Amino acid sequence: MPIQRILIVDDSPVERHILTELLTGKGYTVSVATDGAQGIEAARRDRPDLVIMDVVMPGINGFQATRTLNRDEETRQIPVILCTTKSEETDKIWGMRQGAQDYVTKPIDPATLLAKIAALG
């Protein structure tokens, strides 16, 4: 199934703007959430084709939100790409163990992110 609707979960207005501009410019429909709890709620309600999830956020962080989505019968089929400043190999491994399908580090390389999205579709 091609990816058309993407949920961006990030507490940074700048990062949300950058990702939204990039993705809408490529024809994706984008919705946003400002923290992990809102992201979980939006994923359950809207059933996006993909979630792009920041890790470092107040409250429920991206690792916890990804794990929650992955363990929930209603949202486990929604792929998650973690998009974060946490670039250590242990962070990447931990993120994948939480159920993420992929991992990109900030600042994002647009071509790399778009290729990862296309690979999931």
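For the stretch 26-121, run through the GluC sites (Glu not before Pro) and keep only the ones in DSSP coil with at most 15 other Cβ atoms within 10 Å of their Cβ.
Glu73, Glu74, Glu88
Taking a cut-off of 16 Å between Cα atoms, list the aspartates and glutamates near Lys116, but don't count ones fewer than 8 places away on the same chain.
In chain and number order, the partners are Asp49, Asp54, Asp102.
How big is Rg to Rh over the chain, alpha-carbon atoms, Rh as the Kirkwood inverse-mean-distance radius?
0.91
Going by Cα centres, the stretch 1-55 and the stretch 63-121 are how many Å apart?
Value for the Cα centre distance between the two parts: 12 Å.
7 Å from Cα along Cα→Cβ at both Ser87 and Arg45: what's the point-to-point distance in nm?
3.5
So what is the relative contact order of the stretch 1-101, in percent, for Cα pairs below 8 Å that sit 6 or more residues apart? Present the calculation step by step, with values, prior to reporting the outcome.
Numbers: 172 pairs, mean separation 26.3, N = 101.
Computed value for the stretch 1-101: 26 percent relative contact order.
Treating only the Cβ of Lys, Arg, Asp and Glu as charged (+1, +1, -1, -1), what charge dipole size does the chain show about its Cα centre? Round to the nearest 20 debye.
Working: 14 positive and 17 negative charges, 52 e Å.
For the chain, the charge dipole is close to 260 debye.
Just want the answer: with Cβ charges of +1 for Lys and Arg and -1 for Asp and Glu, which residue in Tyr103, Gly39, Leu69 is farthest toward the dipole's positive end in the chain?
Positive-end residue among those listed: Leu69.
Rule-based calculations on the coordinates, nothing more; no lab input. Because the structure is a prediction, the values reported are computed rather than measured. Neighbour counts are summed over all protein chains in view; Cβ atoms, including those assigned to glycine, are modelled from backbone coordinates with ideal geometry.
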